[in-house]
1. Can you list residues from other chains, or at least 5 along the same chain, whose modelled amide H is less than 5 Å from the amide H of LEU647?
2. Sketch the reach of a paramagnetic label on ASP102 as a point 7 Å from Cα along Cα-to-Cβ, and name the residues of region 57-83 whose backbone nitrogen lies under 13 Å away.
3. Here are some pairs, LYS263/LYS461; LYS98/LYS275; LYS77/LYS351; LYS63/LYS351; which of them have Cα atoms lying more than 31 Å apart in this structure?
4. Using 0.36 nm per residue, how much length does the chain from ILE483 to ASN270 gain when fully extended, once their Cα-Cα distance is taken away?
5. What's the Cα-based Rg to Rh of region 305-456, Rh via Kirkwood?
6. Convert each backbone phi in region 628-639 into a coupling constant with the Karplus relation 6.51 cos²θ - 1.76 cosθ + 1.60 (shift: θ = phi - 60°), then list the ³J(HN,Hα) values in order as whole Hz, x for Gly and Pro.
7. Sequence-distant or interchain residues sharing an amide H contact under 5 Å with ASN596, placed H: which?
8. So, in nm, how far is label GLU84 from label LYS70 when the simple model puts each one 7 Å beyond its Cα toward the Cβ?
Amino acid sequence: ENDENATFEEYIMRNKDLFHNIKINISINKEVLRGRQALKNMNPTNDVYSFEEDAFLLYLKQKLKKITVKELHKRYKNQSKHDEYNFPKSDVTGEELKSRLDTLDKEGGLRYQILISKALKKLQGDQPSEDMDVTPATPGGDKEQKEDCISLLDESARKDALAGESMVEITLTGRSFSPTNLKIRESYLKNNSVFLKDVLKKTSAVKNMKQIGFSEFDDKFKGHEFGAAFHPDTFSRFLLYCQNNDIQEKYFAIQDRWDAFNKESEKSLNEAVKKLQEDCESRIRSMQNVIEKEKSQLTRIFDHCLEKDLKQIRLLYKSQLFAHTQTMQSVFDSKKHDIESFYTSEIGKMKEIYYANQAIRRVALEKEKINIENMLQKALPESSLVSLLILSDVLKIDELRVICLNRLSKNFQAFRTSPVLGSSLLLESTLTELMDQLTDDTLLSLYDDVDYSFPRALVEKELKYRQSIHLEKYRQMTTNELIHELDHGQPVFPAILESELSHRRDKVPYVTMELPEPSQLAKTPKTPTATPSMFKSVVSPSAGAHKFPRTMVDADCLTIRQMHHKKYQSIYASHSRISDGWGKWYFEVEILKFDNQYGSSLSIGWGVPYLTLDSKIIGVSPNDRHQSGFSIHSDGLFYCNGQRFVLDETLKEGDIIGVSLNQDIKSKSFQPSSSVMSSMMDSENATSEHTTSFFINGEAIQIKNEHDIQVVDAQYNLYPACSIYNGIPDSAIVVRFNFAGPFKYTPPRLHAAYGDELKSSRYDREIEKKIMNSDGYL
């Protein structure tokens with residue numbers, strides 16, 4: 001039976017006679033038939049709304065405001081009858097149209113903006129309204145632009161007077177012009193000038209008109225250079241500004257809009273096109289998945305037939321499978337072409353309307369920009385800027401003063417020789433503000449020049465301030481950065497940069513390698529009156545040199561040279577770190593010259609105080625408190641308070657040894673075991689939680705699988721130090737300590753330079769305070 005719900009249709013053919021007895025069963029998979037038919041009838045863009053459809057829906061919404069589902073469906077059907085190509089959805093429902101309209105409102109983006117503009121244009125009957133004139137304005141192209149400021153003011157004043165506004169008549173008299181009367185609304189003057197507001201407050205009105213005057217012959221202006229500040233042309237421009245005191249804001253606003261329009265370019269368009277292309281590719285992939293699914297199902301069925309049916313017709317099955325597969329591929333190619341054509345058309349329409357709208361926007365912006373520029377030029381022409389600046393100081397008009405200063409500073413070369421800038425009517429604060437807005441190069445050219453009339457002291461003062469700013473900037477830079485800036489940059493003040501470099505070259509580092517008296521290192525304060533010098537060993541590099549005849553410290557106070565000598569020599573840094581301290585510290589030591597022949601050796605690390613330094617080796621030799629310190633030895637050994645550990649590598653020339661000390665956090669770290677540990681403590685079970693770490697060329701060394709080595713002493717006093725034995729005649733072992741950076745390798749996290757002057761000096765002051773307030777040992 002032909003059951004619609006059945007998956008297969010079964011057909012049986014029987015033929016029985018004298019010569020034949022045949023029974024043939026034919027099974028047809030209805031899903032395959034339906035799938036193939038669905039593929040042929042598939043419209044992959046049926047649920048996609050075209051540009052024309054979306055614009056029509058938005059047009060209906062704008063026109064009818066509250067449109068019902070029924071009315072929406074009816075109008076779409078009518079439109080489809082007239083334009084079936086652009087409105088192909090014959091079976092669409094009103095609910096689907098309403099849902100699409102709601103989706104459009106939430107969509108946003110460039111496509112939506114273009115659709116709205118198209119809908120509004122259709123709503124206006126494709127005719128621009130009178131207030132949408134996009135014809136570009138040209139300077140001097142209309143009658144109003146040809147009129148001068150006084151004529152404009154007269155016309156405006158006449159209208160205000162007829163409207164019953166309170167008016168002010170201003171009389172101007174001077175040497176180079178006849179007496180002139182200007183009229184303006186009183187509120188304009190009060191809103192812009194503090195000086196005129198006070199004057200008008202004391203002036204009585206006659207028939208709604210107040211009268212005031214300004215004269216170049218006034219005694220208070222005698223002996224002053226005021227240029228054309230009271231000339232009718234200048235004063236009329238000031239009054240025109242009062243009528244349009246937001247002209248500068250409008251100018252900057254239109255400039256910002258113009259810049260944004262030009263920068264916008266096609267970015268938003270490209271984003272919209274990309275979105276459509278992604279939608280197109282998504283639909284093609286979706287349809288391809290359907291095709292592949294049908295191919296897979298068809299192949300599976302034919303494979304089943306090959307297993308069950310006669311061998312003689314297997315070739316027929318294979319040919320049929322190939323033919324059906326090719327048919328499906330043809331269907332896919334056809335539908336893919338339809339999808340690509342649809343989206344190509346959509347993208348083309350969107351681009352066309354976008355470029356048309358951009359052209360309209362450009363013309364409208366150009367017109368607005370030209371109009372505002374014309375108004376600004378009319379009110380504040382460059383030729384009157386200095387006179388208007390004087391007028392703004394005399395009449396106390398802050399906004400006008402700021403505008404004039406901004407425009408003067410942008411083209412200062414055109415005004416620098418103006419004698420009016422030397423007017424005593426200009427406030428010193430105004431000129432100072434002008435200097436502040438000039439570039440460094442302009443200030444330097446003024447410093448080297450004398451052809452200007454304003455006070456030179458203002459230039460020198462501003463230049464000195466700029467130099468101090470650059471000096472502070474240079475102080476924050478590393479020495480390498482300063483050298484790079486000097487060699488490859490373009491420093492505005494190279495002398496300031498060179499002086500900072502010279503200062504750094506001549507300055508003794510805060511932490512140095514010194515040759516102290518051995519007794520200094522042995523001192524541990526016990527009284528409240530102890531001073532930091534007792535534990536910092538602050539002495540000159542030459543102190544005690546007679547006790548180290550074969551050891552030299554270079555002028556940088558960081559480089560140590562050990563000549564041939566038959567004894568170990570130990571050299572300590574000027575500042576130590578004690579158990580009561582805090583912080584995370586790091587320093588590096590570079591081996592500049594070293595040869596391990598003839599028993600020469602080198603130890604680098606933390607030294608402890610000794611009664612005498614004679615033949616002492618840091619990390620190996622104990623002091624009176626059974627402390628030895630920590631050191632990494634050139635023969636591949638590491639010493640921790642006299643206890644020895646073997647490392648995987650030895651030290652050689654060119655190696656950089658990093659050493660850190662963590663006095664901040666408690667850490668579970670390696671703690672060497674030794675029979676002398678108990679005697680190292682001043683009290684039972686007293687121990688420090690601070691740790692030290694060593695690095696060879698940036699790689700941390702490990703002692704029993706631990707990077708951090710615990711400082712097992714509750715009252716330690718550790719100095720950066722090195723011990724050297726040079727057994728080679730006529731040669732030197734040279735090492736350089738680096739306490740301040742920049743370092744060759746990145747220090748451990750949050751570790752500061754050991755010789756950071758700001759942090760180290762603060763550390764020393766706090767330690768000194770602790771010593772002065774306690775009776776105990778360091």
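The values are calculated or read from the model by the stated rules, or taken from the named source; none is laboratory data. From a predicted model like this one, the values you see are computed outputs, not experimental measurements. Methodologically, a virtual Cβ is constructed for each residue, glycine included, from the backbone with ideal geometry; neighbour enumeration extends over all protein chains shown. Just so you know, the surface numbers come from the protein's heavy atoms only, side chains and all, with ligands and any DNA or RNA stripped out. Shrake-Rupley method; radii C 1.70, N 1.55, O 1.52, S 1.80 Å.
1. When sequence neighbours closer than 5 places are left aside, the close amide H contacts are LEU637, PHE638.
2. Only 69 fall inside the zone, counting backbone N under 13 Å.
3. Details: LYS263/LYS461 40 Å; LYS98/LYS275 23 Å; LYS77/LYS351 28 Å; LYS63/LYS351 25 Å.
In this structure, LYS263/LYS461 exceed 31 Å between Cα atoms.
4. Working: separation 213, 0.36 × 213 = 76.68 nm, distance 4.55 nm.
Additional length available on full extension: 72.1 nm.
5. Numbers: Rg = 38.4 Å, Rh = 22.7 Å.
Over the Cα atoms of region 305-456, Rg/Rh equals 1.69.
6. 10, x, 9, 7, 9, 9, 5, 8, x, 10, 10, 10
7. Correct list: empty.
8. If labels sit at GLU84 and LYS70, their model points lie 2.8 nm apart.
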